[in-house]
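The values are calculated or read from the model by the stated rules, or taken from the named source; none is laboratory data. What you are looking at is a predicted structure, and each value in this text was computed from that prediction instead of being measured. Cβ placement follows ideal geometry from the backbone for every residue including glycine, while neighbour counts extend to all protein chains displayed. These accessible areas exclude ligands, DNA and RNA; they are computed on the full protein's heavy atoms, side chains included. Shrake-Rupley method; radii C 1.70, N 1.55, O 1.52, S 1.80 Å.
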Amino acid sequence: MPELPEVEVVRRGLDAHVTGRTITAVEVLNLRAVRRHEPGPADFAGRLAGRSVVAASRRGKYLWLELDGAEAIIAHLGMSGQMLVQPEGVADEKHLRVRVRFADGGPELRFVDQRTFGGLALADMVEAAGAAVPAPVAHIARDPMDPAFDPDAAVTALRRKRTGVKRALLDQTLVSGVGNIYADESLWRTKLHWARPTEKLTRAQAGELLSAATEVMTEALAAGGTSFDALYVNVNGQSGYFERSLAVYGQEGKPCRRCGAEIRRDPFMNRSSYSCPRCQPMPRNPHV
DNA sequence: CCTAACTCCTGCATGC
DNA sequence: TGCATGCAGGAGTTAG
């Protein structure tokens, strides 16, 4: 599932293959893919023709192609979204949702998404907390890879939230970029149970958790991202290799690599949390 | 204002 | 074999 490292891999691919090019035509093959673009698919396609891409940017799991004229194509990959750069004429992917053609006649950009949780939209660039971002991203906190990321402010935000630590870590308005996989990995590295109430966290513990998240995502990025069941691929259609390095996520029943206890899976927010029962003991007052 | 549940979607694995 | 169910889950929306 695309979290920060996977989205960053895609951003780099887009920067290399799309930045500097001029759009000639956009084809929306699935309405749901542009549902966040309020004026509708015709408006989306019509307003993109003739525009130039000046940069590929990212905050957390959001990425966007900045255009001339203070607008951007904002993209969220959801669970299964892919940005593919394909030569014209290559057979359409089964779940091709949007096609973008360019004036140079080179490879086209394809948004492919099986589960359709992702989508594209055209948005205005706005000023938010000293940064220029598309309007729909204004409420998203800076991620740990952002040069302007403020760890102390993030620690304060996490501890102010009255909930379990994993819920807080997944809240993109506090710290962005972390999803279910890297949340579990970060908690394991910090030896914290996912249901630990945030108000019981010391500043030091919250800081260690953020450091662990930064560390694990940095390692994943170096490996090209994490991938399962071939749903996530980078801009050229290649999967990452970080899944081999996961300590707890998806490892139910396997021995903890630190203590040997069997990794457990708990239901959490209609999904799963993986943890080591010995390294990450359940708190006395779990916040489920 | 705050937190948590709900909802969207497709494909694969599992069970009866 | 076929059908129902569960699971993967990010984030906007709604409810309390």
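Here is a yes/no grid of residues against (1) on the phi > 0 side of the Ramachandran plot; (2) over 19 Å from the mean Cα position of the chain (by Cα):
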| site | (1), (2) |
| --- | --- |
| A:R162 | no, yes |
| A:R167 | no, no |
| A:W188 | no, yes |
| A:K191 | yes, yes |
| A:T198 | no, yes |
| A:Q205 | no, yes |
| A:L209 | no, no |
| A:E215 | no, no |
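To keep it simple, each residue is scored yes or no on (1) away from DNA strand C (no atom under 15 Å from the Cβ); (2) closer than 30 Å to A:L174 by Cα; (3) in contact with a His (Cβ under 7 Å, 6 or more places away or on another chain).
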{"position": "A:R21", "(1), (2), (3)": "yes, no, no"}
{"position": "A:T24", "(1), (2), (3)": "yes, no, no"}
{"position": "A:P41", "(1), (2), (3)": "yes, no, no"}
{"position": "A:G46", "(1), (2), (3)": "yes, no, no"}
{"position": "A:R58", "(1), (2), (3)": "no, yes, no"}
{"position": "A:L65", "(1), (2), (3)": "yes, yes, no"}
{"position": "A:G89", "(1), (2), (3)": "yes, no, no"}
{"position": "A:R97", "(1), (2), (3)": "no, no, no"}
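Among the residues of the range A:124-155, write down those that are touching a residue at least 24 places away in the same chain (Cβ under 8 Å), open to solvent by less than 60 Å² (accessible area, probe 1.4 Å) and part of a helix (DSSP H, G or I).
Across the range A:124-155, the qualifying residues are A:P136, A:V137, A:A154, A:V155.
Only one of (1) within 16 Å of DNA strand B (Cβ to nearest atom); (2) on the phi > 0 side of the Ramachandran plot fails for A:K61. Which number is that?
Going through (1) within 16 Å of DNA strand B (Cβ to nearest atom); (2) on the phi > 0 side of the Ramachandran plot one by one, A:K61 breaks only (2).
What number of residues within the range A:185-202 are within 16 Å of A:L158 (Cα to Cα) and either among the charged types (D, E, K, R) or not assigned by TED's automatic domain parsing to the domain that holds A:L221 (or both)? Talk me through it step by step, then tell me what you get.
Within the range A:185-202, the subset within 16 Å of A:L158 (Cα to Cα) is A:186-187, A:190, A:192-202.
This time we only want the ones that are either among the charged types (D, E, K, R) or not assigned by TED's automatic domain parsing to the domain that holds A:L221 (or both), so: A:196, A:199-200.
Qualifying residue count, the range A:185-202: 3.
Determine if the range A:200-210 includes at least one residue that is modelled with pLDDT under 95 and closer than 17 Å to A:R142 by Cβ.
Taking every residue of the range A:200-210 in turn, none turns out to be modelled with pLDDT under 95 and closer than 17 Å to A:R142 by Cβ.
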